[in-house]
Each structure stands twice: as C-alpha cells, then as structure tokens.
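The values are calculated or read from the model by the stated rules, or taken from the named source; none is laboratory data. Computed from a predicted model, the values in this text were never measured in an experiment. Virtual Cβ from ideal backbone geometry, glycine too; neighbours counted across all protein chains shown.
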Amino acid sequence: MTLRNWEDVRGDTVLDADVVIIGTGPGGAAAGRVLAEAGARVVMLEEGPARPMFRPNLAHTQRYHMQESGTMVARGRQFVPVAAGRGVGGGSLVNSAICFRTPPSVLEGWKPVLGGDDRFAPARLAPVFDEIEALIGVGVTRDEVAGENNRILVRGAAALGLPGGLIRRNAPGCVGCGICNYGCPSGGKASVDRNLIPMAIAAGAIVQGDVKVDQIHHAGGAVAAVSGLVSHTETGELRGRLTVRAPRVVLAAGGIGTPRLLHHAGLSARLGPAVGRGLHLHPGSALLGECDHPVTMWRGATQGAWFEHPDLPGVLPHTFNAPPDTLVLLLGNVGLAAKADLQRLPNLCGCVVMISDHGEGRVGSTSDGRADISYAFDPHDVDRIKAGMVETARVLLAGGARRVTAPVHEIGWHDSPESLGKGLANKAITDFALYASHPMATCRMGADPATSVIGPTGEAHGLRGLFLADSSIFPTSLGVNPQLTTMVLATAIARELASH
Ligand SMILES: Cc1cc2nc3c(=O)[nH]c(=O)nc-3n(C[C@H](O)[C@H](O)[C@H](O)COP(=O)(O)OP(=O)(O)OC[C@H]3O[C@@H](n4cnc5c(N)ncnc54)[C@H](O)[C@@H]3O)c2cc1C
Ligand code: SF4
C-alpha cells in the first residue's frame with residue numbers, strides 16, 4: 001500500500017528516496033506524477049489526512065481540510081482571512097474547480113524577471129496546459145448543472161456585451177450540489193487526489209499523510225534529507241519522527257506553507273531576503289443581488305460563471321455561492337432585520353470581485369511554526385475593488401436582480417450601479433469584509449537572488465538540490481485563479497529535474 005497514513009508509522013522511521021516532495025496540493029501532485037513516471041523513487045509527504053474526510057460542515061472542514069484550521073489571517077490596516085487547503089490533494093480538495101489558463105501577458109511579463117529565459121513563454125507552455133487539462137478533465141460548466149445563480153451572471157454579461165460566460169472547471173462529473181468548498185461528495189470534481197496522485201502512486205511513489213515536515217537537512221551546500229512528526233489524524237497522538245533521505249527535495253507546501261516552513265526550518269537566512277516577501281492574495285469582496293424569483297444560490301456549480309470589463313484589467317468577477325447561515329452573516333443584520341433577511345435568502349444571487357493585487361505582504365513563522373502574515377493594501381487596489389463592484393452590480397441587475405448590496409459597513413441596498421458607486425465612494429478598506437484564498441508569490445522565481453528564491457529551473461539560488469514547485473514561485477500576482485498555473489509550472493519544473 002503506497003498511500004499511507006499515521007497507522008503505517010510506528011516509532012521513528014527512516015526512508016530513502018531519489019526525490020522527497022513536501023506537500024501534495026496541485027504543485028506537489030503534478031511534480032510527483034512527472035518524477036515517479038520518469039522512474040525516480042519518490043516519497044510525498046503531507047501534513048493533512050491521506051484520504052478525504054469530507055462533511056458539509058464548516059467546522060469539520062476547517063478542522064481536517066484547512067491549513068491552521070482555517071484561522072490564518074493577514075494583518076494590516078484591515079484583516080484579511082486567508083484560506084488554504086490541507087490533506088492529500090491540498091487546495092484542490094476544497095476549491096471550486098475553476099481552471100483559467102495564465103493570461104499570456106502575465107507569462108510574457110515574467111521573461112525579463114527570469115533574466116531573458118523564455119521557458120514559460122505562452123507558446124512553450126501551451127502543450128503543458130493541454131496535457132494537464134486533459135488529465136484533470138477541464139471543460140466548460142455544463143448548463144444543466146449551472147443553476148440560476150450562475151445563469152444570472154451569464155445573462156447579465158451577455159446583455160451588456162461583456163466577455164464571460166460559464167467557467168471552465170475540472171469537474172467533469174459535477175452534479176451541481178454547490179458544496180465544493182467542503183469537498184466534493186459525489187466525486188464529480190477531479191481534484192488531484194483523483195488523478196495526478198494516483199498516477200504517481202501507480203508509478204511507484206509512496207504518499208504519506210499525517211506528517212508535518214519541520215526540518216530540511218543539508219550538508220556541503222546541498223539538501224540531504226527532510227523530517228517531520230507523524231501524528232494521529234484525530235487525536236494528534238504522536239507516532240514518531242519520519243525522516244526521508246534524498247539528494248533532491250521538492251518543496252510544494254503552498255503560498256503560505258512554503259515560506260512558513262523555510263523560516264521555521266531556519267533556512268531563510270541561507271536562501272536570501274526574498275523568502276516570504278512579495279505575498280499577493282487576489283483579495284476581494286462580494287456583491288449580493290436580490291431577485292423577484294427564486295435563485296437558491298447554494299444549488300448549482302459552486303462558482304460557475306465569470307465576466308470581465310475592458311476598462312478594468314486585472315479585475316475578475318465570478319459567481320460565488322454560500323449556504324444560508326453564511327448569507328445571513330454577510331447581510332450583517334440582527335433582530336427583526338435578520339428575520340426579514342431569512343425570508344429573502346432563496347431569492348439572493350452572489351458574485352465575488354477578485355483583483356490581481358498591487359499590494360504586497362509578507363509571510364514569516366511564529367516560534368511554534370504557524371504563519372505570521374502581514375499585508376498592505378495599495379490604495380489603487382481599493383479603488384479597483386470598488387469599480388469592479390459597481391460593474392458587477394450592473395451585470396447582476398441586467399441579469400435579473402432587482403437590487404444589490406455588499407458586505408460593506410452600512411452600505412444598504414441599491415437599485416442602480418450609480419447609486420452603489422456613490423455609496424462606496426467614501427468607504428475605506430476598513431469598511432469592507434474581505435476574503436482571499438489565493439496566497440502566492442512568496443518565494444519567487446527570478447534571476448536575481450536579492451529578489452527571488454529560485455531560478456527558472458526551480459532550484460534554490462542558495463541550496464543545491466532544493467526545488468520549489470507550487471504557487472509560492474509566481475514572479476508576480478497572477479490575475480486568474482491559480483491551480484491550473486500551479487500544476488503546469490510544477491510539471492515543467494519536475495520534467496526538467498527528471499531530465500538531469
Ligand atoms: C476555498 C478555496 C477555493 C479555491 N478555489 C479555487 C478555484 O476554484 N480555482 C483555482 O484555480 N484555485 C482555487 N483556490 C486556490 C487553489 O486551490 C490554490 O491556489 C492551490 O491549491 C495552490 O496549490 P499549491 O500546490 O501551491 O498549494 P496547496 O494546495 O496549499 O498545497 C500545499 C499542501 O502542503 C501541505 N503542507 C503545508 N505545510 C506542510 C508541511 N510543513 N509538511 C507537510 N505538508 C505541508 C498542505 O497541507 C497542503 O496540502 C481555492 C482555494 C481555496 C482554499
Ligand atoms: S458543485 Fe458539487 S458535484 Fe459539482 S464539483 Fe462541486 S461539490 Fe462536486
């Protein structure tokens with residue numbers, strides 16, 4: 001059995017491998033597949049459970065499938081909750097399955113940062129996108145599972161002549177139950193535990209869940225081993241320390257997890273000042289629309305439609321859904337007003353407004369190994385969120401909503417985009433309820449060790465044999481939901497690594 005959990009480790013244990021991979025999200029899974037299929041002896045280590053423990057319940061999901069139990073927050077003038085998935089499959093277990101390709105303009109912008117290296121140019125990556133999309137079943141959301149919430153945005157964008165429509169997702173068997181963020185109960189979502197990881201295992205990889213890596217050992221300027229504590233999924237009871245000796249380490253613990261571990265393991269001084277710096281979050285807020293007809297926004301593909309506005313580059317509105325209890329919180333009323341809200345819940349539709357951010361933050365580590373995250377909003381980003389909300393209001397109103405509101409302090413309801421715009425004009429970022437689930441760019445790829453942690457091959461500037469292959473390596477903010485880009489970059493890096 002090569003998918004192992006805490007039960008398979010009794011006491012301190014040592015394994016030998018050609019490559020050890022830390023983290024089994026989109027990045028780690030993609031790297032593991034390539035390296036195992038190339039014939040390397042691969043061991044993949046994952047802090048969370050080996051097998052999904054899904055239940056449609058927020059507390060349960062946070063306990064088992066969110067890093068740091070869903071408590072991560074970026075501090076600054078406004079706090080931003082930061083979500084990242086946990087378990088074999090990482091963020092793909094709890095994400096909404098949206099799959100955008102990296103915009104060509106973003107990839108072209110990376111070439112100068114990489115010292116002229118063009119291995120990530122759009123034309124060179126196109127076949128890798130084709131390959132990964134085929135492996136994870138990417139296709140346009142089917143109309144029969146889209147649900148009214150998504151259809152409202154599609155109708156509104158079409159009525160206004162804006163680009164957009166139903167989103168491409170890796171959910172070929174989706175039945176539209178709307179609870180992707182608690183894990184897919186039907187198996188309709190093709191999270192990486194259902195494709196890339198089984199492929200790695202079939203090629204001989206060992207995948208070990210329930211092990212939190214806390215040390216990366218090196219000697220003579222090169223990595224030598226990693227080790228971590230294995231504990232019982234439920235009780236936390238310690239089973240022993242697992243050490244994997246390997247001349248190559250692929251670190252893929254995610255946009256927060258990778259710098260958190262490098263700091264905690266005492267490697268940040270060696271790897272340079274860029275470790276943990278330059279955090280981008282794709283922060284955003286949301287709009288709710290009230291319709292005269294039933295929407296039941298919690299039914300249908302979780303986030304199945306999008307649009308963009310030509311005047312707002314880097315602003316990407318896409319639908320979201322939320323269960324009734326979360327909707328009541330977003331509306332923010334108490335007493336009789338909350339009672340009235342309960343009656344309107346079935347008629348609400350929703351859309352998040354996510355931006356490719358210019359603001360930046362930093363990820364450190366506390367003494368007990370938790371993430372210490374700070375983030376400073378760029379004032380233009382606040383204006384772009386507001387402008388995106390106004391255009392989203394226009395689309396929701398054109399698609400069937402009668403009026404709109406937002407999780408913004410005392411914003412109230414508005415029946416026109418102009419009226420919402422006036423209401424937002426004097427609001428500060430501290431008035432907004434914000435959210436981010438795309439932490440990235442915290443251990444950047446680049447040619448200059450002063451501003452990047454790894455070079456274009458994925459190998460660390462400061463430590464031979466240490467490769468990074470996850471969402472932490474983007475040289476910039478991405479502008480689109482990152483899982484597909486993460487898998488493609490990790491595939492390219494692992495393929496080069498396997499060729500040496
Ligand atoms: C609720 C939610 C919805 C999202 N929706 C979408 C979407 O629809 N489309 C999209 O493109 N993106 C979406 N994302 C973002 C996407 O899931 C992430 O960008 C992606 O998973 C990043 O992949 P990764 O490999 O970099 O890291 P992760 O997926 O975060 O994987 C890192 C893994 O490493 C493990 N790990 C961390 N530290 C250690 C350690 N010390 N030892 C061992 N293991 C460790 C973690 O438990 C985790 O499993 C969403 C994210 C969330 C949370
Ligand atoms: S909407 Fe439901 S069936 Fe579809 S991918 Fe999400 S959880 Fe799975």
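So that you can scan it fast, the table gives a plain yes or no per residue for (1) small (Gly, Ala, Ser); (2) within 19 Å of Val106 (Cβ to Cβ):
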{"position": "Thr430", "(1), (2)": "no, no"}
{"position": "Ala441", "(1), (2)": "yes, yes"}
{"position": "Thr451", "(1), (2)": "no, yes"}
{"position": "Leu489", "(1), (2)": "no, yes"}
{"position": "Ile493", "(1), (2)": "no, yes"}
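Condition check: surrounded by fewer than 24 Cβ atoms within 10 Å (Cβ to Cβ), assigned by TED's automatic domain parsing to the domain that holds Gly147 and within 15 Å of ligand 1 (Cβ to nearest atom). Does Arg168 satisfy that? So Arg168 fits the description; yes.
With respect to being over 26 Å from Val250 (Cα atoms) and touching a Leu at 6+ places or on another chain (Cβ under 7 Å), Pro456 falls outside the description.
Considering each residue of region 162-183 in turn, at least one proves to be within 12 Å of ligand 2 (Cβ to nearest atom) and under 30 Å from Leu466 (Cβ atoms). No other residue among Ile152, Ile136 is within 15 Å of ligand 1 (Cβ to nearest atom), farther than 22 Å from Arg55 by Cα and crowded, with 20+ Cβ neighbours inside 10 Å apart from Ile136.
Leu397 passes every criterion in (1) under 28 Å from the mean Cα position of the chain (by Cα); (2) closer than 15 Å to Leu288 by Cβ; (3) assigned to a helix (DSSP H, G or I); (4) not basic (Lys, Arg) apart from (1). Of note, Gly204 satisfies the criterion of being surrounded by fewer than 21 Cβ atoms within 10 Å (Cβ to Cβ), out of contact with any Ser or Thr (no Cβ under 7 Å at 6 or more places or on another chain) and touching a residue at least 40 places away in the same chain (Cβ under 8 Å).
Among the residues that make up region 298-321, is at least one of them more than 25 Å from Arg384 (Cβ to Cβ), more than 16 Å from ligand 2 (Cβ to nearest atom), surrounded by fewer than 17 Cβ atoms within 10 Å (Cβ to Cβ) and at pLDDT 95 or above? Within region 298-321, none of the residues are more than 25 Å from Arg384 (Cβ to Cβ), more than 16 Å from ligand 2 (Cβ to nearest atom), surrounded by fewer than 17 Cβ atoms within 10 Å (Cβ to Cβ) and at pLDDT 95 or above. Going through (1) surrounded by fewer than 23 Cβ atoms within 10 Å (Cβ to Cβ); (2) at positive phi; (3) part of a loop (DSSP other than H, G, I, E, B) one by one, Gly87 falls short only on (1).
Within region 107-116, can one find any residue that is in contact (Cβ under 8 Å) with a residue 40 or more places away in the chain and more than 25 Å from Leu497 (Cβ to Cβ)? No.
For region 39-73, filtering for residues that are free of Cβ contacts under 8 Å to residues at least 60 places away in the same chain and either crowded, with 20+ Cβ neighbours inside 10 Å or in contact with a helix residue (DSSP H, G or I) (Cβ under 7 Å, 6 or more places away or on another chain) (or both) leaves 5.
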